[in-house]
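First the structure, in the form of structure tokens, and then the observations on it.
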Amino acid sequence: MKDLIEHWKLKKDAVKKPQRQFVRQLKRKKRKEIDELADQLHQKVFQEIDCLDCANCCTSIPPLLTRTDISRMAKHLGMKTAEFQAQYVVQDEDGDTVMNASPCPFLQADHACMIYEHRPKACRQYPHTDQQEFMQNLKLHATNAQYCPAVFHILERMMKIR
Ligand code: SF4
Ligand code: SF4
């Protein structure tokens, strides 16, 4: 539903501070309980948001790349690893290996990923709110809520329950 994305655009700045405070408080909660709740909310929110209506992560956050990601993508594109690295990879200011452009060079006009089956692990795992990953990535969620409408709505719904 595009409504959830529109709602996020309108409200994200206003709730930035309360969401940050809420996420900080979650540190004191039982990890398993919150991971299970996050997983349920993740499933529900992603039934209501179609990433193809959004693509904001692919537009604004260059994904981290592992060596395995790089060789898998290079192989898929019929390129040598070094060639792929020269064309698409860079070290960011923190020394992390990331895609060298935002929007991502593999993002297509219809918001589909050109290398979807071969995309980086970071793209598969984003936004780290399911599969028991929520608590271990707690520090990221308030910031991610500014980029990802799904994270925003997961936090909003969690705040109403907890
Ligand atoms: S590789 Fe695909 S999923 Fe990952 S940022 Fe680029 S377009 Fe998005
Ligand atoms: S920012 Fe979130 S909702 Fe938007 S495409 Fe990425 S994962 Fe999907």
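Each reported figure results from applying straightforward, stated rules to the coordinates on display, with no laboratory input. Everything quoted here is computed from the prediction, not taken from an experiment. Note that each Cβ is placed from the backbone with ideal geometry, even for glycine, and that neighbours are counted across all protein chains shown.
A simple packing score, the average count of other Cβ atoms within 10 Å per residue, orders the peptides 105-113, 151-159 as 151-159, 105-113, with the highest score first.
Computed about its Cα centre, the charge dipole of the chain is approximately 840 debye, with only Lys, Arg, Asp and Glu carrying charge at their Cβ.
Projecting the Cα atoms of ASN56, PHE22, TRP8 onto the dipole axis of the stretch 1-85, where Lys and Arg carry +1 and Asp and Glu carry -1 at the beta carbon, places PHE22 farthest toward the positive end. Summing Cβ point charges (Lys, Arg +1; Asp, Glu -1) relative to the Cα centre of the stretch 79-162 gives a dipole of roughly 360 debye.
When only Cα pairs below 8 angstrom with a gap of at least 6 residues are kept, the chain shows a relative contact order of 37 percent. If I require 15 Å or longer along the helix axis, counting alpha carbons, and a Kyte-Doolittle average no lower than -0.5, what helices from the chain are left? Use full DSSP H segments. Span-like helices here: 149-161. Here the stretch 62-125 is treated with +1 on each Lys and Arg Cβ and -1 on each Asp and Glu Cβ, and its dipole about the Cα centre works out to around 360 debye. Among 50-56, 126-132, the peptide with the highest mean count of other Cβ atoms within 10 Å heads the list, and the full ranking is 126-132, 50-56. Per-residue ellipticity at 222 nm computed for the chain from its helices equals -15500 deg cm²/dmol, with DSSP H segments shorter than 4 residues left out and the rest contributing -39,500 (n - 2.57).
Highest average first, the peptides 95-103, 76-84 ordered by how many other beta carbon atoms sit within 10 Å of their residues are 95-103, 76-84. Distance from the Cα centroid of the stretch 4-33 to that of the stretch 137-154 is 7 Å (rounded to whole angstrom).
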